[in-house]
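S.K.: Structure below; questions to follow.
The values are calculated or read from the model by the stated rules, or taken from the named source; none is laboratory data. None of these values were measured; they are calculated from a predicted model. With ideal geometry, Cβ positions are generated from the backbone for all residues, glycine too; neighbour counts draw on all protein chains shown.
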């Protein structure tokens, strides 16, 4: 996932999908418009967040279970295509914090609710 270099103060950000872990919902090369709106993630949403294992990289995943924690809200990040080459999600790195994540607002996932 590659991101633009937008200032951190702006709530909108554009990312480009790399890899096949979100097929068939999102394709490699597809552009995503995202919003950091401060709302809690909801199950089934697609979110972009910093990779917990490599902070210079961003991941795009579907939200699984959402839980409160002493550090704010956390969620399970799930690949739509977990068998894709190099795919990783919460099965590998555990739940992620919702703070600093972006909700995908365009394109809307086909056949899924945001």
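S.K.: Can you pull out every residue in the range 58-82 that is touching a residue at least 40 places away in the same chain (Cβ under 8 Å), closer than 15 Å to residue 44 by Cα and part of a strand (DSSP E or B)?
M.R.: 60, 61, 62
S.K.: Scan the range 7-51 for residues that are closer than 14 Å to residue 100 by Cα, without any contact (Cβ under 8 Å) to a residue 60 or more places away in the chain and within 12 Å of the chain's Cα centre (by Cα) and jot them down.
M.R.: 47, 48, 49, 50, 51
S.K.: Which residues, counting only those in the range 83-93, are buried (at least 18 other Cβ atoms within 10 Å of the Cβ) and assigned to a loop (DSSP other than H, G, I, E, B)?
M.R.: Listed by number, the residues that qualify are 87, 88, 89.
S.K.: Given the condition out of contact with any strand residue (DSSP E or B) (no Cβ under 7 Å at 6 or more places or on another chain), surrounded by 13 or more Cβ atoms within 10 Å (Cβ to Cβ) and at pLDDT 95 or above, answer yes or no: does some residue in the range 59-82 qualify?
M.R.: Yes, the range 59-82 has at least one match.
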